[in-house]
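Asks: First the structure, which I've put down as structure tokens, then a few questions once you've had a look.
The values are calculated or read from the model by the stated rules, or taken from the named source; none is laboratory data. Owing to the predicted nature of the structure, the values given are computational and were not obtained by experimental measurement. Ideal geometry is used to build each Cβ from the backbone, glycine not excepted, and the neighbour counts take in all protein chains shown.
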Amino acid sequence: MILLNKNDKNTYIILAVGISIISFSGILIKVITAPALIIAFYRMFLSSIFLTPLFF
């Protein structure tokens, strides 16, 4: 039996959330009727908001 420490569990949770978000992105792109430039802007904007705390 393999025992996972807290860091391993957090890593697997982060990977699971990331995979689920990536799997829904294709569906959301098909549903959204906005221009490609607007979609690209919001994707970069939201990713920079989420990654800024990790940077600092």
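Asks: Which of the residues spanning the range 30-44 are surrounded by 10 or more Cβ atoms within 10 Å (Cβ to Cβ) and either hydrophobic (A, V, I, L, M, F, W, C) or in contact with a Cys (Cβ under 9 Å, 6 or more places away or on another chain) (or both)? Before you say what the answer is, go through the steps one by one.
Replies: Residues of the range 30-44 that are surrounded by 10 or more Cβ atoms within 10 Å (Cβ to Cβ), as a first pass: 32, 34, 38-44.
If the condition is that a residue be surrounded by 10 or more Cβ atoms within 10 Å (Cβ to Cβ) and either hydrophobic (A, V, I, L, M, F, W, C) or in contact with a Cys (Cβ under 9 Å, 6 or more places away or on another chain) (or both), then Ile32, Ala34, Ile38, Ile39, Ala40, Phe41, Met44 are the ones that fit.
Asks: Looking at Ile27, Ile49, Ile21 in this structure, which one is out of contact with any helix residue (DSSP H, G or I) (no Cβ under 6 Å at 6 or more places or on another chain), surrounded by 10 or more Cβ atoms within 10 Å (Cβ to Cβ) and without any contact (Cβ under 8 Å) to a residue 60 or more places away in the chain? Even if it seems obvious, please write down each step before you answer.
Replies: Working: Ile27 fails: surrounded by 10 or more Cβ atoms within 10 Å (Cβ to Cβ); Ile49 fails: surrounded by 10 or more Cβ atoms within 10 Å (Cβ to Cβ).
Ile21 is the lone residue from the list that is out of contact with any helix residue (DSSP H, G or I) (no Cβ under 6 Å at 6 or more places or on another chain), surrounded by 10 or more Cβ atoms within 10 Å (Cβ to Cβ) and without any contact (Cβ under 8 Å) to a residue 60 or more places away in the chain.
Asks: Let me ask something additional. Please go through the range 1-18 and pick out each residue that is surrounded by 10 or more Cβ atoms within 10 Å (Cβ to Cβ) and in a helix (DSSP H, G or I). Give the steps one after another, and end with the answer.
Replies: Applying the first criterion (surrounded by 10 or more Cβ atoms within 10 Å (Cβ to Cβ)) to the range 1-18 yields 4, 8-18.
Residues satisfying the conditions are Asp8, Lys9, Asn10, Thr11, Tyr12, Ile13, Ile14, Leu15, Ala16, Val17, Gly18.
Asks: Related question: Inside the range 12-46, can you point out the residues that are hydroxyl-bearing (Ser, Thr, Tyr) and modelled with pLDDT of 85 or more? Steps first, answer last, please.
Replies: Kept after step one, since they are hydroxyl-bearing (Ser, Thr, Tyr), are these residues of the range 12-46: 12, 20, 23, 25, 33, 42.
Within the range 12-46, Tyr12, Ser20, Ser23, Thr33, Tyr42 meet the criteria.
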